[in-house]
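For reference, the structure is listed below as structure tokens.
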Amino acid sequence: MTTVTVLGSTGSVGRQTLAVTAEHPDRFTVTGLAAGSNAELLSTQARQLGVRRVALADRDAARRARELLGPGVDVLDGPDAATELAREATDVVLNGMVGSRGLQPTLAALAAGNRVALANKESLILGGRLVLDAVRRPGQLTPVDSEHSALAQCLRAGAEREVARLVITASGGPFRGRSREELRHVTVTDALAHPTWNMGAVITINSATLANKGLEVVEAQLLFGIGYDRITVVVHPESVVHGMVEFCDGATVAKLSPPDMRLPIQLALAWPERLDFAPVHLDWTQARSLQFEPLDAETFPMVSLAVAAGRRGGSHPGAYNAANEEAVAAFLAGRLGFLGIPATVEAVLAEHDGTDAPDLATVLETEAWARARAAELIRDARTTACS
């Protein structure tokens, strides 16, 4: 029996992870759950699964969970609660947390020797070498994102020396084909209307700006050790091809499946095994076409900004991520226009001097600075627009 701790259990990835484990009761047992502030849903999950140890970042929510769960369940609370839970011995820690707060739980889980199924891409974006250096054995860090899961599967087809290029696919989000001018006045509702995936608000906005693809390129470089000049992003609106690897002899191996996160989640939980369970299938008896288009880097500059930050390395990807998170929050709150997101990130990166090999304290300092500077730029832009 594989024991599983789920961080971010009330979010989209977390809920789908629990759905996967429920399909395999003879294979997985959930022993720990962590969330931010959704005490009601977390408590329901814990009761249904018989989990005796949970964590909530919000202390008021933790008090509510104690009332709901009673004395038989240990409720950790506070900003370090998920980190404390992640370092407890288990077979797999699936980190489905959103944002940079997932970094320290990832480091704690790896340091404890737990295998990490990583859906929190910000862990690698911020932590970089810190995370990679914490990996003790092959396979201890397994990607959950559909794109990186696809690449990991395709890479099985050849030796490392035979790899010519990684190809990451992007759906194009809700604004595929629009011009930069057409994006000037799009609304939050417009940006949240993703044509393929059902995700949380922050991830969906990142898909609309293509910041998610920028983050995925940096993550792919770190995970697979392939240089940025050998990683390509192409737009593929059907979201059936999730990633491709081109080999030195001209052959390209692609991973195709329906756009359903349960597939990469269950593979990450059982890695490197495949489970004999397919919640969705592609029907190859039906006619279908697959489109591939070049990325419009001028209209969607977030990929280029991420690659530039990744090339500079050190603390620069963390500054990119923090500035983006702050800008996305401002957009969702109606304090920033859609095009203000890449403009804010670009301005923050232009001011960031950077550190080549940051320790955890420096990573967190960089994040705090980038957030504060992004907030200042957003506030100044809003003040100027209203004056």
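Throughout, read-outs are computed from the coordinates displayed, never taken from laboratory work. The structure displayed is predicted, hence computed values, not measured ones. Here the Cβ is made from the backbone with ideal geometry for all residues, glycine too, and neighbour counts use every protein chain on show.
Shown here: Rg and Dmax of the Cα atoms in Å, derived from the displayed model; of the candidates [x] 19.6, 61; [y] 30.2, 102; [z] 20.5, 64, it corresponds to [z].
Just add up the charged neighbours of ALA108: K/R +1, D/E -1, any other residue whose Cβ is under 11 Å from the Cβ of ALA108. So the environment of ALA108 carries a net charge of -2. Computed over the chain with a Gaussian network model linking Cα atoms closer than 10 Å, the most mobile of THR285, THR106, THR21 is THR285. Look at the alpha carbon pairs under 8 Å that are at least 6 residues apart: their mean separation over the length of segment 80-213 gives a relative contact order of 16 percent. Relative contact order for the chain: 14 percent, from Cα pairs under 8 Å spaced at least 6 residues apart, divided by residue count.
Largest mean-square fluctuation among ASP80, ASP133, ASP276, in a Gaussian network model of the chain whose springs join Cα atoms under 10 Å apart, belongs to ASP276.
Along the Cα-to-Cβ line of THR2, 7 Å from the Cα, sits a label point; which residues in segment 14-39 have backbone N less than 12 Å from it? Correct set: 20-22, 24-30. Dipole orientation for segment 2-143: of the candidates VAL54, ALA34, VAL135, VAL135 has the Cα lying most toward the positive pole (charges on Cβ; Lys, Arg +1; Asp, Glu -1). Taking the chain as a Gaussian network, Cα atoms linked when under 10 Å apart, which of ARG15, ARG115, ARG47 shows the biggest mean-square fluctuation? The residue with the greatest mean-square fluctuation here is ARG47.
When the helices of the chain are scored as -39500 (n - 2.57) per DSSP H run of n ≥ 4 and the total is divided over every residue, the value at 222 nm lands at -13500 deg cm²/dmol. Estimated from the Cβ-Cβ distance and a Förster radius of 30 angstrom, the FRET efficiency linking THR187 and VAL280 is about 0.45.
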